[in-house]
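See below for the structure under consideration.
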Amino acid sequence: MNTTPQLFANDSIDGELATLNLGPTHPATHGIFQNVLKMDGERIISAEQTVGYIHRAFEKIAERRPYNQITPLTDRLNYCSSPINNLGWDMTVEKLIGIEVPKRVDYMRVIIMELARISDHLVCNSVIGVDTGALTGFTYMFQERERIYDIFEGVCGARLTTNIGRIGGFERDFSSDVIKQIQNFLKEFPKRFNEFGNLLNRNRIFMDRVIGAGPISGDRALNYGFTGPNLRAAGVDYDVRVMNPYSSYQDFEFSVPVGESGDTFDRFMVRQEEIYQSLSIIRQALDKMPEGNYHADVPEFYLPPKKDVYRSMEALIYHFKIIMGEMKIPEGEVYFSVEGGNGELGYYLISDGGRTPYRLHFRRPCFIYYQAYPEMIKGSLLSDAILTMSSMNVIAGELDA
Amino acid sequence: MDKESLLNAIESQFPGLITNPAEPHGMLTLEIPVNQLKPLVQFLKDDERTNFVFLTDLCGVHYPNKGEKEFAVVYHLHNLEANYRLRLKTFVGRENIDVPTLSDIYSAANWMERETFDFYGINFVGHPNLVRILNMDDMTYHPMRKEYPMEDATRTDKDDRFFGRDGHEGVTFDNKKQIAKQNG
Amino acid sequence: MEDVQITQKPQGLEGEGFFATKLGDAIGLARANSLWPLPFATSCCGIEFMATMGSNYDLARFGMERMSFSPRQADLLMVMGTIAKKMGPILRQVYEQMAEPKWVIAVGACASSGGIFDSYSVLQGIDKVIPVDVYVPGCPPRPEQIIDGIMKIQELVKDESLRRRYTQEYKSLLESYNIS
């Protein structure tokens, strides 16, 4: 219940409006975007946004890169959960070409994507904690993210911008070390995550602070194109993993947490619960992991093993063509979406048969739902506006692309 | 809902509008003339047989040298209840590059149309605030059009000769500048 | 407790109850071990910085416990992430608002030279707008690399002459960037 209107009803003494420039460099905005706020005392009347401070022209660059060189570009969209972007792109190209990957690859992909989702939600929730003053949760959860980074390093060699996965599968199988690390993670992480939950979930100060901050109704959210935890907090249970299952998500049992009022507390709790659901999915995937190859049998798109390249002529030719980017990609257009950390991350790819895409458009969830921000903070206090922004999890890389 | 029922519903309201529905990779794609776009989208959103409440994506595509079909605006719609996705395309030429705005039907279209304007110069008639969004405000050209290079034309530190862009394959960097000047 | 290293004292004359050294050495020592950084984090390198700041790699043991987000109170401008041309004037304004002495570290390939984004909207290196002291390559650099860069900054700070900011060489460096 929002009791603030009564307390601050008469706070504008002279009726003059102030213009406050929030950003682009601001410690609490966690990214580069500018909001020019018109304020009546402490209350926000209207906001005008400027984005594009980190526009790197991904779509233009993608028209000039062969398909396997676009994966590092997709890393840098939502960089808190870059494996999801990478694997989504690989799956888009596989859909265009018509490749079917083995079940084992699907399960491996699910494990990696859910780990990335956990890491993204940990950042968002820790940062909500930081913005309300609870810095300790942040330091504890970042330690947990280091363990996830260790797992990513074991699979692909990099921590943050992973370039994980290849068109057709993975570059190497999960080693026994990686499997052990994942099992350890599944054993140790829930205990520590429960500590974080105990710190904030039912903390009276935290709840008073975030309940009622920046609400949005389900109808308005749908109209604004919200997806992901922000939409689910508003009451609409739209999850791409359930609606258009990809990568064998239909084999797993998980529920989709849904909130009620779409305010900051609901967004926080939806993300908390999604982390538990992701842990359950990883556990199921690890238990039921099928045997098989870790990549599809598509030598035109997947690099042959190096020892074959030195001996067989065919492997040499495939290796050369793939490295030079001369893969035979069929003509066509395809739209494929995955459930990213922030919602439906879509790839609209038009190919004209050449070595680079003719047009690649990223449907970036952050860009689309950030336009609702002025409506969400209208009439609220400045401190609530800051919390609303950090709970929306706006990642600047995905906002501007 | 499936392809037949959707096409029948559209046919009942807009007879003869859909001439050649395509289904690349399983998504129904319809080409709509510009003047019929807004009534059709309003119908698709409001009518209970179609119920496309969600605008997934809006983007532009440039097909150079195609006359009246040079710029395409592609809309992806989604009926969440029936889980049916639809793609609409509309084409405009370089001279009359006006497309009606959908921002009063779907609020999500607001920034997506600004981005399309920023990249391609497509004028969305009726948009509340059609200014550049991602690029700098004083930029004079629309960078995603095919005639413009990816790199900044004024950069001094990279020599184009070493990147094979100064005369190879008949398309020189200067040639691109000429084309850009011709096209404004 | 033997693992904790206390920083080396500068060269000087020591006696009972006194320690005499050059003023520059003492001030350099104090500055180097209590830098107040301004994290100018724009993109992915910012997340690696958050990991560096966290408890695993811990930047606080170098004296950087307090992140100053106000340029007026900061010594070290850490530019982490891609700087687009739209952001260039803002970066410059933040740099100008910092008080002397100030140092700049460019973390990541994008800040050093534009990185993989050779496009029309990305500034190909922040040294096009502000003078930079240390470049840390990587995409993103590992936290250990960022700490290495910071330790190099600490070396620079420790050995810097007190009069450097008043020399003609420094003034002409600033003039070449049109910073008054």
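Antiparallel beta bridges, as assigned by DSSP with both residues in chain A, represent about 100 percent of the total such bridges.
Return the calculated 222 nm mean residue ellipticity for the protein assembly as shown, to the nearest 500 deg cm²/dmol, obtained by summing -39500 (n - 2.57) across DSSP H runs with n ≥ 4 and dividing by the residue count. One gets -12000 deg cm²/dmol as the mean residue ellipticity at 222 nm.
Each of A:F185, C:Q145, A:V110 was scored by the projection of its Cα onto the charge dipole of the protein assembly as shown, and the greatest displacement toward the positive side belongs to C:Q145; charges sit on the C-beta of Lys, Arg, Asp and Glu.
Of the three principal axes defined by the Cα atoms of chain A, the extents in descending order read 83, 45, 32 Å. Computed about the Cα centre, the dipole magnitude for the protein assembly as shown is approximately 1040 debye when only Lys and Arg (+1) and Asp and Glu (-1) carry charge, each at its Cβ. Using alpha-carbon positions, what is the distance between the centroids of the stretch C:118-180 and the stretch C:8-45, in Å? Centre-to-centre distance over Cα atoms comes out at 19 Å.
Reported to the nearest whole Å, the Cα centre-to-centre distance from the stretch A:334-401 to the stretch A:236-262 is 19. Other protein chain C-beta atoms within 10 Å of residue C-beta, averaged over B:137-144: 3. Which of the three applies to the stretch C:36-176, rounded, prolate or oblate, going by the alpha-carbon gyration tensor with a ≥ b ≥ c and a/c under 1.5 meaning rounded? Oblate, since a/c reaches 1.5 and b/c is not below a/b. Taken over the stretch B:3-133, the alpha-carbon convex hull comes to 108 cubic angstrom per residue. A dipole drawn for the protein assembly as shown from +1 and -1 charges on Cβ atoms has a positive end, and of B:G67, A:G397, C:G15 the residue lying farthest that way is C:G15.
The local environment of A:F367, defined by Cβ-Cβ distances under 14 Å, has a net charge of -4 under the rule Lys, Arg +1 and Asp, Glu -1.
Considering only A:L349, A:C80, A:Y318, whose Cα is most displaced toward the positive end of the charge dipole of chain A, charges sitting on Cβ of Lys, Arg (+1) and Asp, Glu (-1)? The residue sitting farthest along the positive end of the dipole is A:Y318. For the stretch A:278-365, rounded, prolate or oblate, judged on the Cα gyration tensor with a ≥ b ≥ c (square roots of eigenvalues), a/c < 1.5 rounded, else prolate if a/b > b/c? It comes out oblate by the Cα gyration axes. Taking Cα centre as origin and charging only the Cβ of basic (Lys, Arg, +1) and acidic (Asp, Glu, -1) residues, the dipole magnitude of chain A rounds to 880 debye.
Taking every Cα-Cα distance in the protein assembly as shown and sorting them into 10 Å bins from zero, the calculated P(r) comes out as 2, 13, 23, 26, 20, 11, 4, 1, 0, 0, 0 percent. When exposed loop sites are taken as trypsin sites (Lys or Arg not before Pro) in a DSSP loop with at most 13 other Cβ atoms within 10 Å, the longest stretch of chain A clear of them is A:1-201. Taking the inverse of the mean reciprocal distance over all distinct Cα pairs, the Kirkwood hydrodynamic radius of the stretch A:52-197 comes to 16.4 Å. When the Cα gyration tensor is reduced to axis lengths a ≥ b ≥ c, the ratio a/c is 1.5 or higher for the stretch A:144-246, and with a/b not above b/c it is classed as oblate. Charges were assigned to the Cβ only: +1 to each Lys and Arg, -1 to each Asp and Glu. The resulting dipole of the stretch C:61-178 about its Cα centre is roughly 280 debye.
Here chain C is scanned for GluC sites (Glu not before Pro) in DSSP loops (not H, G, I, E, B) that have at most 10 other Cβ atoms within 10 Å, and the longest stretch holding none of them is C:17-180. Normalised by the number of residues in chain A, the mean separation of alpha-carbon contacts (under 8 Å, six or more apart) gives a relative contact order of 25 percent.
Read the figures in this text as sums done on the coordinates, not as results from a lab. Everything numeric here is computed off the predicted structure, so don't read it as measured data. Cβ atoms come from the backbone with ideal geometry, glycine included; neighbour counts cover every protein chain shown.
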